[in-house]
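Here's the structure, in structure tokens; my notes come after.
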Amino acid sequence: MSAEIAHETRSDMIVCENVDKWFGDFQALKGVTATIAEQEVVVVLGPSGSGKSTWIRCINRLEAHQKGTIVVDGVELTNDLRNIEKIRSEVGMVFQQFNLFPHLTVRDNVTLAPKWVRKMPKTDAEKKADELLEMVGIPEQAAKYPGQLSGGQQQRVAIARALAMEPRIMLFDEPTSALDPEMIKEVLDVMRDLALGGMTMMVVTHEMGFAREVADRVIFMESGEIVEEGTPEHFFTNPTEDRTKLFLSQIL
Amino acid sequence: MNEPTILKVTSRPEEVSRSPREWVRKNLFANIPNTVLTLVFGAVAIYAIRALLGFILSGERRWGAVATNMRLLMAQGYPADQFVRVWFTLGSLMALTGLTLAAWRAAGRLSIGKISIWVMNTGAIFALFAVIAPISWASRIGWLIAAAILLSIGLGLWFGLRGEKKRPSGSVPTVWFAFGLLGVLVLSLWTVPFGHYAFVEGEFIAESGRTVATSTKLPFTVMWLILIGAYLFGVLIRERIPGSRAKGFLIALWFLSPFILNWIVLRDPDFDYAHIASTDIPLALLFAIGGGLALYLLSKPDLGEIGRIVAIGFLLFAVFNWIAAFFGWYPMLQKVRISFVLLALAALISPNFASDRKTRLRFVTGWIVLIAVSHWLITAINSPSTLELQGPTYLGGFSLTLFVAVLTLLLSFPLGVLLALGRTSSMPIARVLSTVYIESIRGVPLITILFFFSNILPLFLPEGMEIAELAAIVTGYTLFSAAYLAENVRGGLQSVMRGQYEAADAIGLTTSQRTGFIIVPQALRVSIPPLVGQAIGVFKETSLVAIVGAFDLLRIAAYVVPAQTEFLGVKREGLLLISAIYFIVAFSMSKYSQKLEERVGLGER
């Protein structure tokens, strides 16, 4: 499998071992074990409620796991606030609902964290923001407020905002699920460019085309467990597990 | 600001213009129940207006009681020879207003059509009054003539300047229209005989020296000129300085002005300069330079935990100073104690500024400004007053009402936001303390709190420490208002989506950055309507301070004026006047909040 090859040649960016997570009595993650290498693009698939979003949110500790270990870029996630801050400044995240700051302009959304977390001078931060907005294809919207943009544009701003911190890992939590069909492509294009540029990415999505084309590896989850993982060809053409087959037959 | 996107509109449906007759039929007499309602409520409205007009215009009314006592109502017993300070205060506010209007480019324009409609409406209302008011035929004709003049001015404007589309073209800047209206008001001071005047041999002669118009017409004219001059000056220089900097400076001035202007009203200008030179200035310099140096070192990026340890050391020392003060172990200037607290707090936040030289120098500059401002304020408050006044406080009447309301709002705002944050915080101690505070304050009537602070609190204070009555009132009122404000802000905080917290966390903001940049601004925006409602409440309920002995607007109108031998028992005129004053202020606040909502709604999804 490509994961093992990657394992040998590149350093590990995310290492999860036996991660358990409960919400009250409900166990959302059951012994999740996976390793994601540098520059690898991993797509996480699964039916709703399978724990994929919970898992990805554990990786920058928006949710705290209760058992097992998560090591991100060599730093273990514990309750130590400094570790969390360090990891959050190295892990970018893009949400399903964009979560842009509605009271700030697009440019301010992008420059806020570099200015205050990275202590970047204002002019440098704005220069960088303009470059990133150029990259995601909306340089002309910098002075607008998020509410004045379309969903696809907002999601691209959200990607630029995450990239402004120069993260080593990008997490995408269903980035296209809240978008109108004609806007999905513009967001996926940006993500594809990012993957080609060598970013380590972990993507929760229902976009099978994206998974097939861009992913190095596909992980399939159900009921909080990793059921099957492998290269896209293997996964889509020749799955081994029955549950995977059932899922694929339902969505394809 | 960006340009709004212009959408291509193929064709807009014609606006249906309705004749007045159709409008009346559709809205007032559409069917039988509608007609009945229109007639009943029309009759009630006419009766009420007639009663009110009858009251105002009745020959029994002695409006002279109000006009003559205007000084009492506005400033109570403030010594007449010191009035120049009051005028200085008002003049400063006028200058600030003018500069602010210029800096914010108050570019609104009023169309001539709108103005002419207003004028015509006023004329129509006058005519209506003339018809329904219970007055003599002579004055009725006078009213009708006034109405006719207004109507013809309105019609003249409408038809004289009529452009291509049925409405008059052209417009005037709103600012200048407002200046013009104020100018008319000021002019009325020169021409209309307010107060005690008699008509002798074709001339109005002052009967006694107590009229307001004669003594204030010159100052008010100067105020008007200052307003216009400041505006023109602002327009002249606004192109030469960066807008954001000028605006920031003006906002700072507005926030500081209540404190500084109060000092000007309260204090005698010739206080002990020797003490200032020998103690106050060296002390301020010591804290500015020494503290600045300490903060510069403490914000070194590679300092690590040592910075926090030193800061906690500072804090412990600062707290110890206060404990020592309470038990009287050793003497120390209050200013030094407060400055140590400030230094400790600044040291605690210094790791947030651990960055390049420029950021740290900016941090130190902020510290020096803080020391300058705080030392100035403490000096101002500590220096003794040489104004000798009758009555319990140096302020009274409308100025007291305004003073208490403005200061209470300014002080309770940050406190309320902190309490709201405390109540929603995840730290149990902050949450419990804030909740207990809010709930216990909300369980006690305002009057009780005012009594407590003005009468009972002085008994608990340590030996030699006194609290001025007005300070006690403002303190109590602030604590009260903050609890309510906190609940309003909490409502706003709860409306901020969880995703906003997560997004802020995900980009690596610290908790305080998240709160200050993301959560509180959005919460406040949502809370504007309840916050303004509360501001109006705070303003109106200042009338309760009369109960603890302060001479506010209500007390003077209800008890002081009717007790004068000349106007014995003349109470209703004053009450009606102060109702109008309260209404005008409250209504302006309400209108302003609508504007504010529109403006901040810009980025709304």
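The values are calculated or read from the model by the stated rules, or taken from the named source; none is laboratory data. All figures in this text were calculated on a predicted structure; none of them were measured in a lab. Cβ atoms come from the backbone with ideal geometry, glycine included; neighbour counts cover every protein chain shown. The accessibility values were calculated without ligands, DNA or RNA, using every heavy atom of the protein model including side chains. Shrake-Rupley method; radii C 1.70, N 1.55, O 1.52, S 1.80 Å.
Per-structure values
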read-out	value
Wholly enclosed helices (runs of 4 or more DSSP H) of segment B:455-544 bearing at least 2 residues modelled with pLDDT under 90 and open to solvent by less than 30 Å² (accessible area, probe 1.4 Å)	B:469-495
Residue match in segment B:400-421 (condition: modelled with pLDDT of 90 or more, loosely packed, with under 15 Cβ neighbours inside 10 Å and of a type in the set (Gly, Ala, Ser))	no
Selection count, segment A:146-164, where residues are within 14 Å of another protein chain (Cβ to nearest Cβ) and either in contact (Cβ under 8 Å) with a residue 60 or more places away in the chain or among the charged types (D, E, K, R) (or both)	6
Matching option when the condition is free of Cβ contacts under 8 Å to residues at least 12 places away in the same chain and either open to solvent by 10 Å² or more (accessible area, probe 1.4 Å) or touching a helix residue (DSSP H, G or I) at 6+ places or on another chain (Cβ under 9 Å) (or both), among A:Pro167, A:Pro175, A:Pro181	A:Pro181
Set B:Thr379, B:Thr365: member being open to solvent by less than 60 Å² (accessible area, probe 1.4 Å) and of a type in the set (S, T, N, Q)	B:Thr379
Options B:Ala147, B:Ala124; residue that is over 21 Å from B:Phe179 (Cβ atoms), in contact with a helix residue (DSSP H, G or I) (Cβ under 6 Å, 6 or more places away or on another chain) and in contact (Cβ under 8 Å) with a residue 12 or more places away in the chain	B:Ala147
Among the candidates A:Ala143, A:Ala113, residue that is facing another protein chain (nearest Cβ under 10 Å), of a type outside the set (Lys, Arg) and surrounded by fewer than 17 Cβ atoms within 10 Å (Cβ to Cβ)	A:Ala143
Residue match in segment A:171-186 (condition: touching a strand residue (DSSP E or B) at 6+ places or on another chain (Cβ under 7 Å), at pLDDT 90 or above and more than 18 Å from A:Arg57 (Cβ to Cβ))	no
Filter pass, A:Val75 being more than 10 Å from chain B (Cβ to nearest Cβ) and touching a strand residue (DSSP E or B) at 6+ places or on another chain (Cβ under 8 Å)	no
Residue within segment A:203-215 that is open to solvent by 30 Å² or more (accessible area, probe 1.4 Å) and in contact (Cβ under 8 Å) with a residue 60 or more places away in the chain present	yes
Subset of segment B:338-362 (residues that are more than 14 Å from every other protein chain (Cβ to nearest Cβ) and surrounded by fewer than 16 Cβ atoms within 10 Å (Cβ to Cβ))	B:Leu345
Criterion (within 13 Å of chain B (Cβ to nearest Cβ) and either open to solvent by 40 Å² or more (accessible area, probe 1.4 Å) or small (Gly, Ala, Ser) (or both)) met by exactly one of A:Arg82, A:Arg88, A:Arg57	A:Arg82
Candidate set from segment A:116-128 (those that are under 24 Å from the mean Cα position of the chain (by Cα) and within 13 Å of chain B (Cβ to nearest Cβ)); member that is modelled with the highest pLDDT	A:Ala125
Selection from segment B:64-88 of residues that are closer than 18 Å to B:Phe403 by Cα and either of a type in the set (Gly, Ala, Ser) or not in a helix (DSSP H, G or I) (or both)	B:Ala75, B:Gln76, B:Gly77, B:Tyr78, B:Pro79
Residue pairs meeting the criteria (Cβ under 8 Å; at least 6 apart or on separate chains; first farther than 12 Å from A:Lys30 by Cβ, in segment A:61-72; second charged (D, E, K, R) and part of a loop (DSSP other than H, G, I, E, B))	A:Val72/A:Glu90
Positions within segment B:561-578 being modelled with pLDDT under 85 and open to solvent by 30 Å² or more (accessible area, probe 1.4 Å), in sequence order	B:Ala563, B:Gln564, B:Thr565, B:Glu566, B:Leu568, B:Gly569
Count of segment B:545-598 residues which are outside any helix (DSSP H, G or I), among the hydrophobic types (A, V, I, L, M, F, W, C) and over 30 Å from B:Gly59 (Cα atoms)	1
